[in-house]
Structure formats: structure tokens, C-alpha cells
């Protein structure tokens with residue numbers, strides 16, 4: 001991108017270097033964001049699966065408990 | 001743009017460069033905040049799923065244990081059946097049925113067990129959860145998978161519970177007579193029935209809230225007040241809806257509320273949390289506990305940093321700004337150069353400026369005092385007008401009482417607050433205790449305080465000041481109006497009503513009403529007599545004069561009543577200013593709000609020991625110095641904001657108060673040197689006109705200052721005589737002749753204040769209270785009650801503890 005010049009102004013090199021620095025930082029943040037998102041997705045899915053398995057386990061245990069309680073009652 | 005670039009001829013256009021840099025900076029900031037937001041969301045989701053897994057694992061363990069127990073019972077039953085096969089059966093089905101009929105009011109849990117819907121162990125597990133976190137038992141049983149909703153419905157009672165009063169009577173929590181009495185109170189003073197019942201101590205808060213929860217078909221908070229929250233709502237949202245998330249069950253959040261949420265609000269919260277919520281009702285004190293646990297850091301930050309962050313130009317966090325330091329350095333350099341160039345001429349110029357300052361300040365101050373003595377300078381109400389006020393229209397009133405190591409004045413404080421003629425159901429008294437003040441805290445916690453008292457422990461952090469404590473107390477204040485009282489204060493019983501009458505009489509821009517302060521121990525010693533004279537002049541004449549003139553009012557430390565909304569709008573008190581009251585008076589004026597004086601007094605204890613008095617006065621003077629420095633950071637801006645008259649008033653009240661006691665010693669020394677030894681150099685300071693000006697100030701000025709103190713005391717005596725309350729003796733007047741000794745003490749305090757301003761600007765010099773043990777007759781005189789009914793009996797123990 002070209003920037004206009006004036007009689008008294010900033011040094012072009014300094015401005016370009018600073019803008020480049022900001023753009024690089026932004027790009028690295030962006031890639032970090034995508035990386036973390038992917039990592040989190042994977043971890044979360046694993047935990048979700050684990051949670052579902054625990055739910056199923058609990059469900060069957062409760063069923064077993066109900067059955068035992070029923071037998072004891074009768 | 002933070003980055004600074006060097007300039008050069010023929011460089012890139014500054015505006016275009018800035019545009020380019022700002023665009024890149026914007027993209028960078030957006031990326032950064034997106035990352036932060038994503039991390040925060042992921043953290044919440046992670047916590048939630050972890051919590052869910054933990055909860056499921058816990059339930060699995062518990063279920064395993066119950067199954068083991070069932071198997072054990074089954075084996076034991078088999079063995080027992082084999083052993084007792086020959087014994088006759090003691091409990092026949094008919095006997096069980098008879099037993100059940102003997103217990104007509106069976107609880108839901110028992111019925112579910114009897115009907116085989118759940119086991120005893122399951123019920124115990126659910127009850128343990130309920131005790132810990134709260135909620136309705138039925139909901140917990142469903143959530144834990146012990147029962148299906150359709151199986152539970154037949155056991156649920158009538159959902160329409162009726163009116164609260166009827167529920168309380170039918171459940172035996174109160175009698176019909178008590179309900180009738182409470183309803184009569186409500187008819188007279190308004191307010192909620194629950195609050196009336198609590199104020200009359202007819203029911204305990206826990207019982208009342210249980211019934212309110214039943215009425216609204218929601219649960220109560222758990223007895224253990226456990227807090228195990230995976231998510232925190234943003235503090236602003238929590239404050240708006242008055243809720244705190246306290247626990248996550250597998251499929252829902254448990255949310256503590258102080259009043260049940262509407263369906264619409266509950267839906268909004270559920271949308272925000274992305275899970276259903278279950279409301280559990282918490283009492284006021286329980287909510288305060290949760291709030292402190294969950295939002296303690298936010299509250300602390302708000303009470304210490306909010307003003308400094310949002311309005312740094314109004315905060316004393318920075319004592320001297322760079323321009324102020326630069327200006328002082330330049331002024332000092334000019335003075336030194338002047339002294340080198342022409343020593344006597346420079347001193348003469350300085351003296352002329354000082355004399356003009358003295359003269360102007362004196363004239364202005366007397367003008368204010370004259371205005372203050374006129375009719376209408378304060379708002380006055382007759383007893384009949386106050387009695388005619390409809391109590392049903394009175395709003396909730398918050399009373400903040402900051403305390404520090406003042407356990408011995410607590411019985412007196414409670415009596416004084418109980419004496420206030422205001423519906424107790426509409427009071428919100430907040431006792432603010434510092435974290436390290438265990439004695440006061442333990443004493444308060446051991447007392448059975450009425451429900452409208454809240455004990456708030458202010459976290460230990462710097463600055464440890466009264467305004468910080470007040471800001472902390474203000475955050476969750478419920479009142480429409482708020483007032484500060486010190487622990488030893490004895491406000492006139494009708495003060496709150498008089499203030500409301502004043503607010504109603506004043507235009508909308510009046511946001512603060514200052515009551516008059518005076519001392520109940522005026523005759524204790526010479527110091528208290530002088531102090532009483534000074535306060536009488538200040539509050540009876542000077543402040544009403546300022547109000548009349550409409551210039552900024554430096555508020556007194558206590559008994560200033562505010563509209564709570566305005567106080568919050570201004571970010572309340574500056575925790576870094578040691579006379580936060582005076583500073584707030586100026587800020588109110590800057591924002592276009594006004595202050596009025598009401599003819600109602602609060603009786604305080606005058607400092608009776610010299611060292612203690614100097615500590616207190618040095619703090620006040622230092623605070624005035626801070627206030628002047630804060631608002632004079634940009635004198636032109638201040639002039640624009642408050643106008644010429646306000647600017648002048650500001651200088652008279654805020655600059656002259658610390659400056660004159662600092663200057664006085666120089667002139668006293670000169671006077672002594674002249675009258676004692678006729679030093680030749682002294683006349684060189686007072687040539688011609690300046691001599692006459694200084695003479696007028698010396699004779700007429702000093703006379704008028706003393707006279708104004710006398711006038712102030714006479715004013716009080718006269719008013720109290722009319723009200724048939726003889727508190728002050730006329731003999732108080734003669735001590736005014738010795739006021740110059742008091743001025744010397746003021747100068748000592750001013751020098752200390754100036755030194756502290758540089759070395760310890762935020763240090764709060766503690767004042768010892770409780771040095772005066774009032775006679776019963778004296779108290780009775782003040783309150784108008786017979787001696788035996790009056791206030792308190794001073795508790796034993798050591799007198800005097802430091803206070804804010």
C-alpha cells in the first residue's frame with residue numbers, strides 16, 4: 001500500500017516496519033486461534049464421549065439398583 | 001496510536017500514516033480479543049464438561065455403594081428369614097396400614113419409599129445433595145435418575161399455594177394474631193409483608209424464605225451454603241438480576257435468587273448459560289455471602305479503582321501531576337531568583353499577595369456567614385409536618401456505618417439506629433467492618449441483629465480508608481437514598497423523614513442533603529468547647545450560607561444523605577482522598593447537582609485529647625489539600641465547569657482552610673517579635689497601605705472570626721431552647737476568647753498534614769472515639785427520653801478505640 005508524502009512526515013521505513021509487525025502479530029494470533037480451536041474441539045469431543053459413556057454406565061447401574069430394590073421389596 | 005515515529009523532511013504524510021497504522025492496529029486488536037473470547041468460552045465449556053464428568057463419577061460411586069448395601073441387606077434378609085422361620089410375625093400388613101393411618105401428614109420422600117418408587121438410600125443421597133446445595137427434593141430425585149417425572153407428579157401437592165400470610169399461618173410459623181398485627185403495620189407503613197414480619201421479629205428469615213419458596217414453587221438454598229460453581233455470570237448481569245450461580249447438576253444450573261425471577265428473566269439467563277436453571281431462594285445474608293465468595297474481587301476492585309479508572313481526573317490516586325510539579329518548580333525558582341536579586345522587595349511582594357489573600361478570604365467568608373444567618377438558608381420542618389407524612393410512601397433507606405475497632409460503641413450505635421423514626425421494614429443498615437477487626441466482627445455476629453442489618457466485611461487491601469469501605473457497602477445497597485453515620489453518631493430521630501421531606505421540596509438537581517453536626521460532649525474540657533464552637537459556626541452558619549450562595553459545599557464526614565442513583569453515577573467516594581466527603585461535594589457541584597442543608601442534627605463525640613485532635617485535624621487538612629490539588633489540575637477547566645462564583649467559593653473553602661493555618665505562624669512570630677523587641681526589619685514588610693490592611697485583618701478579622709464562633713453557638717442554644725432541648729450552656733461562649741490557642745493547634749495539624757501529603761498521601765490517621773462516657777441525664781436531654789429509657793449504658797472495657 002502506498003502512503004502519501006508531505007513536507008514534514010514520518011520516516012517511511014519506521015512506519016512500514018511497524019505496520020508489518022502488527023500484521024505479522026495479527027496473522028500469528030489468527031493461526032493460534034485456529035490451532036487452539038481445533039485442539040479444543042478434539043479434547044471436548046473426547047470428554048463428551050466419556051460423559052456419554054458415564055451416563056450409560058450410571059443408567060444401567062440405576063437399573064440394576066431398581067431391580068435389586070424391587071426384589072428386596074417383593 | 002502508541003508508537004511514536006521520528007519526523008523527517010519529505011516523509012510519509014502524518015495523517016495517512018496514522019490511518020494506515022490504526023487500521024493494522026484495529027485488525028490486531030480484533031484478533032487479540034477474538035482469541036481471548038475463544039479462550040474464555042473454551043474455559044467455560046471445559047469447566048462445565050469436567051464438572052459434569054465429576055458429578056457423573058460421583059453418582060456412579062454412590063450407586064455402587066447403594067447396590068452393595070442392597071445386596072448386603074438381601075443376604076442378611078435371607079439369613080434372617082431362615083433363622084426366624086418359626087417365630088410369629090410381629091408386624092402384620094394390617095398393623096402397617098394402621099401405623100400409616102396414624103401418620104396422616106407423611107412427607108413426599110417417605111411416601112415414595114413406601115410405594116417402592118425409590119429406596120431409603122436413594123432418598124438419603126438426594127437429601128444430602130439438597131442439604132448441600134439446595135433445590136426441591138423432587139427435582140433432585142429426577143435429576144439423579146431415581147425417578148421419572150411422570151412417577152413423581154402424583155406425589156406433588158397443589159401448585160397454587162395462595163397468599164403468604166395464609167401459608168405462614170396454616171404451616172404454624174406465625175399465629176393469626178401475629179398476621180393481623182403485621183398486616184396492620186403494613187397498612188400503616190407499607191412495605192412487603194415478609195419484611196414487616198421480620199422487622200417485628202415474628203419469624204426467622206430462614207423460615208420465611210422457605211415459605212416464600214414454597215409459595216413460588218421453587219426450592220430453598222442448601223443448609224450448608226456450599227458453593228461449587230463451574231461458571232460465573234458476568235458481574236453486571238448477576239447484579240441486574242440479583243442472582244448467583246452456585247452449582248451445576250448434570251442437566252441444569254442451580255441459581256441463588258433473593259426474589260423469584262420472572263419467566264422472561266429466567267429464559268434470558270438460561271439462554272446466557274446455555275442450560276436450564278433451577279432457582280433456589282436465599283435470604284439477604286445468604287446472598288451477601290455468595291456474592292462475596294463469587295464476586296469479591298470485582299467488588300473490591302469497584303470500591304478501590306472505579307473512580308480512578310473511569311474518571312482519573314477526579315481521583316486523588318495521583319497526588320501531584322507533572323504540570324503541577326512543574327509549576328511549583330517554576331514558582332520556587334522565580335522566588336529564589338527574586339530573593340537573590342532583591343531580597344526585601346521579593347518578600348514584600350509575597351507579603352502583599354498573602355495579605356490580599358487573607359483580606360479577600362475573610363470578606364468572602366463573612367459574607368457567607370451573613371447569608372447563612374438569614375431565614376431560608378436551611379430547610380426547616382415542624383413536628384406536625386413530619387408526623388403528617390404518609391409512611392407508606394417512604395422509600396427504602398440505606399444507612400452505611402463504617403467502623404474500625406469500635407466494638408465498645410456498638411450497643412450505643414444500635415440504640416441510636418433503633419431510635420430512628422422510620423419504618424424498620426424499609427431500612428437497609430449496612431455495618432461495614434474491616435477484615436482485621438475481629439473483635440467488632442465477632443461481637444456483631446454474636447448478636448441477634450434485626451433482619452435489616454447487614455454485616456459486611458470489607459476485604460483487607462490498600463487504601464484502607466473509610467471511603468473504600470463506603471464504596472464497598474454501596475455496591476449492593478437497596479435504598480433509594482443513602483446516608484453515612486459514624487458508629488458514635490446520634491442522629492435526631494426524625495432526620496430521615498426530614499431529609500425525604502427536603503428532597504421532595506427541592507428541585508430534581510438537589511442530590512444531597514447535609515444534616516448539621518454538633519457535639520454532645522461540649523463541656524468535657526476546653527478542647528471540646530472550642531471544637532463545639534467551631535462546628536456550630538461551620539454547620540449552623542457557614543454551610544447554610546454556602547447553600548444560599550450556591551457555591552460548592554465541602555460535605556461533612558457523616559449525615560450526608562444522597563440519592564443513591566446519583567451517587568453511583570458519580571462513582572461514589574474517592575478511596576484515595578482522606579476527606580472524601582469534601583471532595584464529593586465538589587464533584588456533585590461540578591456535575592450540576594446541588595446540596596441543601598436540613599435543620600436536623602447529628603450529635604457526635606468531640607475529640608477531647610490534643611494528640612488525637614491533631615491527628616484528626618491533620619487528616620482533614622491533608623484531605624482538603626488533596627481535594628484542591630485534584631480539582632485544580634486544570635484551573636481553566638474548573639472555572640468553565642463551576643463558573644466564577646463557584647471557583648471563588650472553591651478557593652475560599654478548599655484552599656483557605658489548609659493554607660491559612662500554614663501561613664498564620666509566620667505572622668504570629670512577626671507580631672511577637674515586633675511587640676516584644678521592635679525588630680527593625682518587620683516594618684519593611686508592612687509599608688503604608690499594607691500596614692492598614694494587615695491591621696484590619698489583625699483586629700477586625702480576628703474579632704470577627706471569634707465572633708462568628710460565638711454566633712454559631714448562640715444560634716444552636718437559641719434553637720434548642722425553642723425546642724426545649726437544653727444541651728449547651730451559655731458559659732460555652734466565654735471560652736471563645738481563648739480561641740487563638742485553638743488556632744495554634746490548627747497550625748500544628750496543618751504542618752503535619754503538609755508533610756504527610758508528600759510522604760503518606762493516602763494514610764488515614766485514625767481517630768479514637770469513646771473517650772467520653774455520657775451521663776444518662778445528658779443522653780436523656782439529647783433524646784428527649786426519660787433517663788432510664790435513654791440510649792445505652794456504656795459497656796465496660798477500655799474506652800477509646802480508633803475509628804475512621
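General observations
- In summary, residue B:116 fulfils each of the numbered conditions (1) free of Cβ contacts under 8 Å to residues at least 12 places away in the same chain; (2) within 19 Å of residue A:62 (Cβ to Cβ); (3) in a helix (DSSP H, G or I) with the single exception of condition (3).
- Any hit, segment B:385-397, residues being crowded, with 22+ Cβ neighbours inside 10 Å and either part of a helix (DSSP H, G or I) or in contact with a helix residue (DSSP H, G or I) (Cβ under 9 Å, 6 or more places away or on another chain) (or both): yes
- Flag for residue A:67 being more than 7 Å from every other protein chain (Cβ to nearest Cβ), under 29 Å from residue B:29 (Cβ atoms) and not in a strand (DSSP E or B): no
- Complete set of residues in segment B:499-511 that are under 23 Å from residue B:413 (Cβ atoms) and surrounded by fewer than 23 Cβ atoms within 10 Å (Cβ to Cβ): B:500
- When segment B:5-38 is filtered for residues that are outside any strand (DSSP E or B), within 7 Å of chain A (Cβ to nearest Cβ) and over 21 Å from residue A:31 (Cα atoms), the ones remaining, listed by number, are B:5, B:6, B:10, B:11, B:13, B:14, B:16, B:17, B:20, B:21.
- Qualifying residue in segment B:524-534 (condition: within 15 Å of residue B:595 (Cα to Cα), surrounded by fewer than 20 Cβ atoms within 10 Å (Cβ to Cβ) and out of contact with any strand residue (DSSP E or B) (no Cβ under 9 Å at 6 or more places or on another chain)): no
- In segment B:719-729, the residues that are farther than 13 Å from residue B:536 by Cβ and without any contact (Cβ under 8 Å) to a residue 40 or more places away in the chain: B:721, B:722, B:723, B:724
- Segment B:557-584, residues that are touching a helix residue (DSSP H, G or I) at 6+ places or on another chain (Cβ under 6 Å) and under 19 Å from residue B:625 (Cβ atoms): B:557, B:573, B:574, B:575, B:577, B:578, B:579, B:580, B:582, B:583
To keep it simple, each residue is scored yes or no on (1) under 27 Å from residue B:624 (Cβ atoms); (2) at pLDDT below 85; (3) within 37 Å of the chain's Cα centre (by Cα).
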residue	(1), (2), (3)
B:668	yes, no, no
B:678	no, no, no
B:689	no, yes, no
B:697	yes, yes, no
B:716	yes, yes, yes
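- Odd one out for residue B:198 among (1) exposed (fewer than 15 other Cβ atoms within 10 Å of the Cβ); (2) more than 30 Å from residue B:64 (Cα to Cα): (1)
- Count - residues of segment B:164-186 that are surrounded by fewer than 15 Cβ atoms within 10 Å (Cβ to Cβ) and without any contact (Cβ under 8 Å) to a residue 40 or more places away in the chain: 9
- Screening residue B:522 on (1) under 22 Å from the mean Cα position of the chain (by Cα); (2) in a loop (DSSP other than H, G, I, E, B) shows it passes everything except condition (1).
- Just one of the listed residues (A:52, A:62, A:22, A:58) is under 25 Å from the mean Cα position of the chain (by Cα) and either surrounded by 14 or more Cβ atoms within 10 Å (Cβ to Cβ) or within 7 Å of chain B (Cβ to nearest Cβ) (or both), namely A:22.
- Enumeration of residues in segment B:259-291 that are out of contact with any strand residue (DSSP E or B) (no Cβ under 7 Å at 6 or more places or on another chain) and buried (at least 19 other Cβ atoms within 10 Å of the Cβ): B:283
- Conditions (1) at the interface with another protein chain (Cβ under 8 Å from one of its Cβ atoms); (2) assigned to a helix (DSSP H, G or I); (3) farther than 23 Å from residue B:142 by Cβ: number failed by residue A:42: (1)
- Of note, residue A:16 does not satisfy the criterion of being within 29 Å of residue B:27 (Cα to Cα), more than 7 Å from chain B (Cβ to nearest Cβ) and surrounded by fewer than 13 Cβ atoms within 10 Å (Cβ to Cβ).
A quick yes/no check of all residues on (1) under 29 Å from residue B:149 (Cα atoms); (2) under 54 Å from the mean Cα position of the chain (by Cα); (3) at pLDDT 80 or above:
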| site | (1), (2), (3) |
| --- | --- |
| B:67 | yes, no, yes |
| B:75 | no, no, yes |
| B:81 | no, no, no |
| B:99 | yes, no, no |
| B:104 | yes, yes, no |
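- The selection criterion, being free of Cβ contacts under 8 Å to residues at least 12 places away in the same chain and touching a helix residue (DSSP H, G or I) at 6+ places or on another chain (Cβ under 7 Å), holds for residue A:22.
- When the helices (runs of 4 or more DSSP H) confined to segment B:540-609 are screened for residues that are under 23 Å from the mean Cα position of the chain (by Cα), those reaching at least 3 such residues are found at B:564-569, B:580-590.
- Taking the criterion of being within 19 Å of residue B:140 (Cα to Cα) and either at pLDDT below 90 or out of contact with any helix residue (DSSP H, G or I) (no Cβ under 6 Å at 6 or more places or on another chain) (or both), the residues of segment B:44-58 that qualify are B:48, B:51, B:52, B:54, B:55, B:57, B:58.
- Condition met for residue B:226 (more than 30 Å from residue B:763 (Cα to Cα), surrounded by fewer than 21 Cβ atoms within 10 Å (Cβ to Cβ) and at pLDDT 90 or above): no
- Selection status of residue B:366, in contact with a helix residue (DSSP H, G or I) (Cβ under 7 Å, 6 or more places away or on another chain), part of a loop (DSSP other than H, G, I, E, B) and in contact (Cβ under 8 Å) with a residue 12 or more places away in the chain: no
The values are calculated or read from the model by the stated rules, or taken from the named source; none is laboratory data. Only a predicted model underlies this, so the values are computations on that prediction, with no experimental measurement involved. For neighbour counting, all protein chains shown are included, and Cβ atoms are generated from backbone atoms with ideal geometry for every residue, glycine included.
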